[in-house]
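All remarks here apply to the structure that follows.
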Amino acid sequence: MNLTLGAESREAQFSRSRFEVQSSRFKVRLLFALNPKPLRSGLLITFEGGEGSGKSTQVSLLAERLRSLGRGVTTTREPGGTLIGEEIRHTLKHSKDNAAMQAETELLLMNASRAQLVRELIRPALARGDIVLCDRYYDSTTAYQGYGRQLDLAMVKTIVDVAVGDTRPALTFFFRVPHELSQERLRTRQATLPFIRDRIEEADREFFARVAHGYEAIAAAEPERVKVIDASADVQQMHASIWRSVEPLLK
């Protein structure tokens, strides 16, 4: 009697399993019918360079062009980009109480802001298929805190890795700008806008020379990812150069 019941139980289990498999296959076919085209994968593009290099203008131009083609676009900046990140940005750059900030403190605050941005904004945007345009990302930390502040590059990399994980840019534009042109553009900007103190811009020329060297080293090490843009060119020439690198990624 027990053997018979056991056999019947196994047959019932087999029937239920077969029904569940068939039901799952039907659900998959239904989902495919409702969504015949796979979702577009997201894309992270970052913009790097010294002060006054024209990055922000190019972020806006590229975002406008991509949206005109029907692509979802998320634009953001570092440090900042989230409510928490903007508070950190103020502390890093504009607070009247930040003069005593140490290089290690700067490094950790930059990456605290970045960790929040990656998890709160960048990853969700990529998951829904957006193209994310970020004005500065972790290459800035390598250039500014690693080379500029002369912190240990291995330590910088370790902290960056914690902040970003596997959220890496598919493409990065490095805007190469001569120091004299950078300073001229900063003076022009300060003359036309209300003055806002920026602690990082207060660094000396030797600091910015080290930053520029850092960017050159990054570009040389990763030529497939990092494309160099002549920031002394006019706005439309720069945009055309950027578009030549972006367009193939959209296909």
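Percent of C-alpha pairs per 10 Å bin in segment 102-151, short distances first: 24, 46, 23, 7. Remark on residue 73: its backbone amide H falls under 5 Å from those of 131, a criterion applied only to residues 5 or more positions apart or on other chains, H modelled at 1.01 Å from N. Pairs with C-alpha atoms separated by more than 21 Å, drawn from the list 227/251; 93/227; 55/227, are 93/227.
The phi torsions of segment 160-168, fed into the Karplus equation with coefficients 6.51, -1.76 and 1.60 and a -60° offset, translate into couplings of 4, 4, 5, 5, 9, x, 9, 8, 10 Hz, rounded to whole numbers, with Gly and Pro shown as x.
Computed from the coordinates by the stated procedures, all read-outs in this text should not be read as laboratory data. Computed from a prediction, not measured in an experiment: that's the story for all the values here.
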